[in-house]
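Enquirer: Following this message is one structure expressed as structure tokens.
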Amino acid sequence: MDKSINLTGQDNKTTIIDGGAGGDGVYVTAGWVNITGFTITNGDYGIHLDSTSNNIIMNNIVHSN
């Protein structure tokens, strides 16, 4: 993500971001990104943050990355 965004899943057990067995599940380069309510799985990295400016990552399940 290279723009500020609120990304909200419906339920962190059933809303899945699949990294496709490589790469990043989520790659964040912008500030003011909020990610909540997902299972993030099957990537090299679950969440790759290239920006630490005012990002909120909460209530996610990150595994098998």
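Enquirer: Among the residues of segment 17-46, write down those that are small (G, A, S) and either in contact (Cβ under 8 Å) with a residue 24 or more places away in the chain or under 15 Å from S4 (Cβ atoms) (or both).
Expert: G19, G25, A30, G31, G37, G43, G46
Enquirer: With the requirement that a residue be more than 16 Å from N65 (Cα to Cα) and touching a strand residue (DSSP E or B) at 6+ places or on another chain (Cβ under 7 Å), what does segment 29-54 give you?
Expert: Across segment 29-54, the qualifying residues are V33, N34, I35, T36, G37, D50, S51.
Enquirer: Out of the residues in segment 37-59 meeting the condition of being open to solvent by less than 40 Å² (accessible area, probe 1.4 Å) and either touching a helix residue (DSSP H, G or I) at 6+ places or on another chain (Cβ under 9 Å) or assigned to a loop (DSSP other than H, G, I, E, B) (or both), tell me which one is nearest to T8 (Cα to Cα).
Expert: Filtering segment 37-59 for residues that are open to solvent by less than 40 Å² (accessible area, probe 1.4 Å) and either touching a helix residue (DSSP H, G or I) at 6+ places or on another chain (Cβ under 9 Å) or assigned to a loop (DSSP other than H, G, I, E, B) (or both), the one nearest to T8 (Cα to Cα) comes out as G37.
Enquirer: With respect to I47, determine if the residue is modelled with pLDDT of 95 or more and β-branched (V, I, T). It would help to see each step written out before you state the result.
Expert: Details: modelled with pLDDT of 95 or more: no; β-branched (V, I, T): yes.
The answer is no for I47.
Enquirer: Also, I was wondering about something else. Give the residues of segment 10-36 that are open to solvent by less than 20 Å² (accessible area, probe 1.4 Å), within 19 Å of S53 (Cα to Cα) and part of a loop (DSSP other than H, G, I, E, B), sorted by residue number.
Expert: Passing the criteria: A30, G31.
Enquirer: Looking at K13, K3, can you tell me which residue is modelled with pLDDT of 95 or more, over 12 Å from the mean Cα position of the chain (by Cα) and of a type in the set (D, E, K, R)?
Expert: On inspection, the qualifying residue turns out to be K13.
The values are calculated or read from the model by the stated rules, or taken from the named source; none is laboratory data. Model, not experiment: these values are computed from the prediction. For neighbour counting, all protein chains shown are included, and Cβ atoms are generated from backbone atoms with ideal geometry for every residue, glycine included. Note: accessible area is taken over every heavy atom of the protein model, side chains too, but ligands, DNA and RNA are not part of it. Shrake-Rupley method; radii C 1.70, N 1.55, O 1.52, S 1.80 Å.
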